[in-house]
1. What does the convex hull of the Cα atoms come to per residue for region 1-80, in Å³?
2. For region 275-288, take each phi angle, set θ = phi - 60°, evaluate the Karplus expression 6.51 cos²θ - 1.76 cosθ + 1.60, and give the result in whole Hz per residue in order, putting x for glycine and proline.
3. Kindly work out what percent of the DSSP beta bridges joining two residues of the chain are antiparallel, to the nearest 5.
4. Going down the table (Lys165/Lys196; Lys134/Lys293; Lys48/Lys196; Lys37/Lys214), which pairs top 19 Å between alpha carbons?
5. Any chance you could check the Cα centroid distance between region 109-147 and region 169-204 for me, in angstrom?
6. Quick check: Cα centre of region 1-32 to Cα centre of region 38-65, how many Å?
7. I want to check the label-to-label distance for Met39 and Ala148. Put each point 7 Å from Cα in the C-beta direction and report it in nm to one decimal.
8. Only sites in a loop by DSSP and with at most 14 other Cβ atoms within 10 Å count here; which GluC sites (Glu not before Pro) in region 218-299 make the cut?
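Read-outs: derived from the displayed coordinates by stated rules, not from any lab. Being a predicted model, the structure only gives us computed values, none of them experimental. No Cβ is skipped: glycine too gets one built from the backbone with ideal geometry, and neighbour counts run over all protein chains shown.
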Amino acid sequence: MMSEVLAVQLESAAKAAGLVVVSTESGEKYSGGATTKFMLALAGDTTKTMLLELSEGFEFGRTDLKDGVRAYLAESARRLRNPRPDVYLTLHGIPLSFGSFGWPFHDSTSGADTSLVHGEVRLEDGGESVLHAKVAVSMTVTFRDVVAAPEQPFAEGFIYNAIRKTMDQSQLELVKSGNRQPVPLTTRYYSMKQKKFVFNDTTHQQQVDFLAAKLFWLSGQLGAGAPVWLLDPRDAQYLDCSVEDLAIASKELAAQGLLHWSSDPEYGVSTPKLMERRDTYLAELAHALQAIKPAFNEEMRSGLTNM
């Protein structure tokens, strides 16, 4: 009965956001308990889908949670119009797809006083998607207080940004096979004074460069020239800027002939002039991938290090 009520509530909220529920199925939490998985699609293009997983007992009737889900769905509908809605770019130029996340957070089984969510990121450079990292994102007790609910709509954005940040810091390795790698999520990513998440301190030029690289990868390299959303709030959070800052950066790219506007002014496509930078972006990617590879200490090999 509870899942039926949740399904009706979710379907209504999805419709208001321009989405449709194409299927539902039962799921199971990592630590036990039931979830409901909703496959959502754009109302005008059901080939564009996303998976939303909620605890069966999710309190949709709470005003704060209902408003949070509605905002999440509205944002997701905008992102689903991207040619690759699952792909995000790191500040160091690594395009990653995010998937296989098991929501909601679950308590650590090792005795640690943390909550965890497991998922996977993959390198998306236009070739075969082989290099990946299985991740375990851990949330401290202190951090739980700033999250409305440990559910997908309220945590997905900052979880993805924490993974991007950890990758930028060369603390995640992309491998062909391997164990799950930790991504610690602490209050260092949250400003108690400003009541907001903080991942990077970027300049206007870095924001322009980021959007140019995003256009190259998501529109040109992976999207066959399709429009991408330039004003994604997740990117704004990741870059510690406003959506208005992204709009200003977009206009600058258009003035430089690197961006062509779509019929919707929040979306743009890469231009031939931008795609001429292909060698530069591929070199940046190669450098970033090299930086995240573990390096053997040659002094230890030669016996020059005191142990």
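1. 88
2. Along region 275-288, the couplings run 5, 5, 8, 3, 4, 5, 5, 5, 5, 5, 5, 4, 5, 5 Hz.
3. So the antiparallel bridges amount to about 90 percent of the total.
4. Lys48/Lys196; Lys37/Lys214
5. 10
6. Taking the Cα centre of each part, region 1-32 and region 38-65 sit 5 Å apart.
7. A separation of 2.8 nm, rounded to one decimal place.
8. Listed in order of number, the matching sites are Glu276.
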